[in-house]
Structure formats: C-alpha cells, structure tokens
1. Rounded to two decimals, what ratio of Rg to Rh does chain B give with C-alpha atoms and a Kirkwood Rh?
2. Show me the ranking of peptides A:138-146, A:82-90 by mean Cβ neighbours inside 10 Å, starting with the highest.
3. Going by a ≥ b ≥ c, the root eigenvalues of the Cα gyration tensor, does the range B:11-73 fall in the rounded group (a/c under 1.5), the prolate group (a/b larger than b/c) or the oblate group?
4. Work out the mean other chain Cβ neighbour count within 10 Å for the residues of A:52-63 and drop it here as an integer.
5. What average count of beta carbons from other chains do you get within 10 Å of the Cβ of residues in A:140-152?
6. Could you state the angle between the C-alpha long axis of helix B:148-169 and the longest principal axis of the C-alpha atoms of chain B, as a value from 0 to 90 degrees rounded to the nearest 10?
7. Sort the following peptides by mean Cβ neighbour count (other Cβ atoms within 10 Å, averaged over residues), highest first: B:30-42, A:11-23, A:155-167.
8. Could you tell me what % of all Cα pairs in the protein assembly as shown have separations over 41 Å?
There are 2 protein chains.
Amino acid sequence: MLDTSTHVTDCSSDLAAKLRDAIISGRFMPNERLIEADLANAYKVNRANVRIALAMLDQEGLVVRERNRGARVRLVTDEEALEIAEARRVIEAMVARQAAERANDRQKAALRALMARMRAAYEKQDFNSYSQRNVEMHRAIQDIAANATANRLLQTLKSQVVRLQYRAILQSGRPAKSLAEHGEIVDAICANDAPAAESAMRRHLCAVKNALRQAMQAAKQGAY
Amino acid sequence: MLDTSTHVTDCSSDLAAKLRDAIISGRFMPNERLIEADLANAYKVNRANVRIALAMLDQEGLVVRERNRGARVRLVTDEEALEIAEARRVIEAMVARQAAERANDRQKAALRALMARMRAAYEKQDFNSYSQRNVEMHRAIQDIAANATANRLLQTLKSQVVRLQYRAILQSGRPAKSLAEHGEIVDAICANDAPAAESAMRRHLCAVKNALRQAMQAAKQGAY
DNA sequence: GACGATCAGATTGTCAACAATCCGGTCAGC
DNA sequence: GCTGACCGGATTGTTGACAATCTGATCGTC
C-alpha cells in the first residue's frame, strides 16, 4: 500500500501527522495562527515537539513561519493552485505510464472493480461517494506504479490543494466527463498501453485544471 | 532570481541551510551519523535548533531519523536515483515549456550568452566549468519559467542526487551530446516554441538518465 | 481627533539540566 | 569457544525556566 509517511514513530512526527490532517480537513483555516503553547496543550505534547512539527509542515508547504511571529496555516493563492495542478499533472501522467507498464492481472481487476464503483456512485448521483472513489482510483494507480518518489511528491502537492478540489468537482457536467476520462485511463492501463495511459491521464488532469480555473473565476465573480 | 529557500531567517532554518550545503557538497558522507551535540557545538547553535534543522532535512529527504537513534545522511539507492531522475525529467520538461511561453528578449539573450560559455568550456575541455555552466543553464531556464512550485520540487529532487550526477557527466561522448541537446533546448525557448522546448528537454533528461544508469552499472561492475 | 511614546500581555526563542534509550564491550556460565 | 545477561558511556528525548520580541492598548501631547 501507499506509504509515503515518515517511518519515524517520533512524537513530533506523530504530531505533524495530526496537524497535517487538521489543516487538510479544514479544522484550521488558512492564515489561522498556530500558537505553540495552545497546540502543545491541545495535543498533550511538549512545546519542543510542536516546534519541530511546525518546522516540518513548513518544509512541506502547509504552514508558513516568520521569525518571532510564529506559524500560520499557509494560504495558497489561486495562481499557486494552478501551478500545483500543473505539476501534479505531469507527475501523475508519468505515474499512469509506469502503472501501465507494471500492472498485473490482479491489479487490473482491482482497477476495473473500482471503476465500476465509480460508475455506480455516478449513476446514483452520490457525488460524495464519487469524490471518494476518485481519490481511491488515483491512489490505486499510484500503488501500481510503485514509484515512491513520485508518490511522495504527489502527496505533498495534493495536500496543499485538497480544499480547492471540491469546487472543481462541482462544475456542471464535470462528473460525466470525469467518469469517461477515468474509464480511458483504466482501459489503457489494463491494456498495458503506457503511452495511452500517460496521455489519458494528461488529458484528465488538464480537464481538472480547467475545471479548477473556472471554479476559481466563478468564486471571484461571486465575491463582487 | 531563483529563490526557493525558506524566507524565515530563523536560526534553525539557517542551520538547515548550512547542513544541506554540507550534505550536498559531500562534507558529510551517506549514512554518516549526525550527532546533535556535535553539530550544536560545531555550528555554535543550540541543540533544540539542531533538532529542528534535522527534522526539516528529514522532511526534505536528505536525512533519515530513527527514534532514539538520531539522524544520518540518507543514502539514496540506485533505484531511487533513477526514480528521481525520471521525476525530474517530467517536471523540468514542463518548466522548459513554460519558459518557452514566457521568455522575453533579455532572457533569450542571457540564455544564448550562457550557451556560448558552455560551448567555450566544452572546447577548452574544461569539464569542471562545463558542469558549472550546465547547472546555471538549468537554473536560468527555471528562472524564466518562474514557476515557484516546480522550482521548489526540482531543488529538492536535485539536492538528493547531485553527488551521483558527476558520474553521468563523465561518460565518454556525453559532453558532446549534452552540448547539442542544450543547444536544441535554447533554440526552442528562444523561438518561443513551447512544444519543441518541452520535447527537447525531455530528450535531454532522458539521455542524462541513461548516462546515469550506465555510470551506475559501470560502478557496480567495477566493484567485483 | 490624530499621532507617537510607552507599557503590559502574549508569544516565540534560547538554554541547561535531567530522564530514557541505545550501543558496545565485559564477564559469568555452559 | 559460544551464548546471553549486564553494565557504563554516549546519545537522544523531555521538561521547565528564562530572555527576547512582537502586538495591541493606553495615554499624553499637539
């Protein structure tokens, strides 16, 4: 399985994981201050460990620190989100290619099963479930590619923008297209057709990026 | 200019930068233990800061930490080096494309000047200088693309393998090909031909990866 | 009322001491 | 001679106290 986490079961790494989760899931808002003493108190750890965890998350891009002013949740700008989407696109296209090169029968069957569940979720109009399956699908492909370096990069990139992705999914007509795009990717991987898998993933994430851009523009319009 | 460093002028970030430099330049050997007290003493900082710096470098992939056993310089395996080279390839191809889209006349002139210096170094058979210009060239292209996210990723990836890159350059016939490949990249960017720049960079880094693979195999043979 | 000096509270940065753990060698027992 | 318990030095992990810095509020002056 996909294991891109630090293997150190350190207290500070533990805390970093919890904080990461809290930031990603939105329990801390962007720009919210992360006060060492409070966190130490809330998570029942020492302030030294809080400091270390914050430094790690800073390195990871989830948090920004300023000297003598502490840490706050990093706000990723729209521009940055697009940069991230673009980087993700090229890496994940590579991953899809490698997955197509390496997929065995068991893995192909798993992909097809997952695809069926995506389709079912789509037909039931259960977009929550669909979104979940979507994540699982991409992770399954990453697992097949078994490229630890790429997986680490993708995890970092995705964690920085998860909160924005929701919007992209909600574009009208997007789920139908998304379903078709995933179908193409799965077909290519199951046929061990590496170039097709790469370009299908490229197209898919290009569409995702465009949906994201539109969602962001719509949000900007709405602000006026 | 390329500024992918943490903007925090923290004492711990300072130290992290120094340690990073020391590791990259080989003053610390792979697998060498990094003892907190020694580092604190050597760099005249507090042990708490050493801990934070080590945690950051761990997150960055330059160092591994094990609970109660401290940190050591991470040894990247051959397999991993290839993964990294592959990831670098797709990202830097994207960067070349963006550079081609965005390059203005001043930047194009700078690229051409750099190219001339590369050629001069090649003709003088000064491979030290050539290697240096090579690095500058890639950085210059990154600067033009101005994609902070991609630049950050590339910096991390490259820092993990710099010590291996030397070997790749020393392959026989490699410098001549390298020079030609860089020429194609520069030409494409100067023509604002994005697809050509992307594919030229792809080809270049594919060749680099192959050279790296050969160098690694040669090293392995030599060990017997 | 606007502006700047000043102060208190909150927060981060630094430090040293202590506790917990690991690693290597030593020694008794078989 | 080999195995395994055991011990001491080395190193990491934890803690609390204190210093330095920032932030926002208050107050006096113009």
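1. That ratio is 1.01, to two decimals.
2. Working: A:138-146: 20.3, A:82-90: 22.7.
Output ranking for A:138-146, A:82-90: A:82-90, A:138-146.
3. Values: a/c = 1.33, a/b = 1.11, b/c = 1.19.
Rounded shape, in that the Cα axes give a/c under 1.5.
4. Values: counts 9, 2, 2, 14, 6, 1, 7, 10, 3, 2, 0, 0.
Mean shielding by partner chains, rounded to a whole number: 5.
5. Values: counts 0, 0, 0, 0, 0, 0, 1, 6, 4, 14, 5, 1, 4.
Per-residue shielding by partner chains comes out at 3.
6. With rounding to tens, the tilt is 90 degrees.
7. Values: B:30-42: 14.0, A:11-23: 19.5, A:155-167: 17.4.
Highest to lowest by the protection proxy: A:11-23, A:155-167, B:30-42.
8. Values: 19392 of 100128 pairs.
When every Cα pair of the protein assembly as shown is considered, 19 percent fall beyond 41 Å.
No lab work stands behind these numbers, since they all come straight from the coordinates. Quantities reported herein were computed from a predicted structural model and do not represent experimental measurements. Cβ sites come from the backbone with ideal geometry, for glycine too, and all protein chains shown count toward neighbours.
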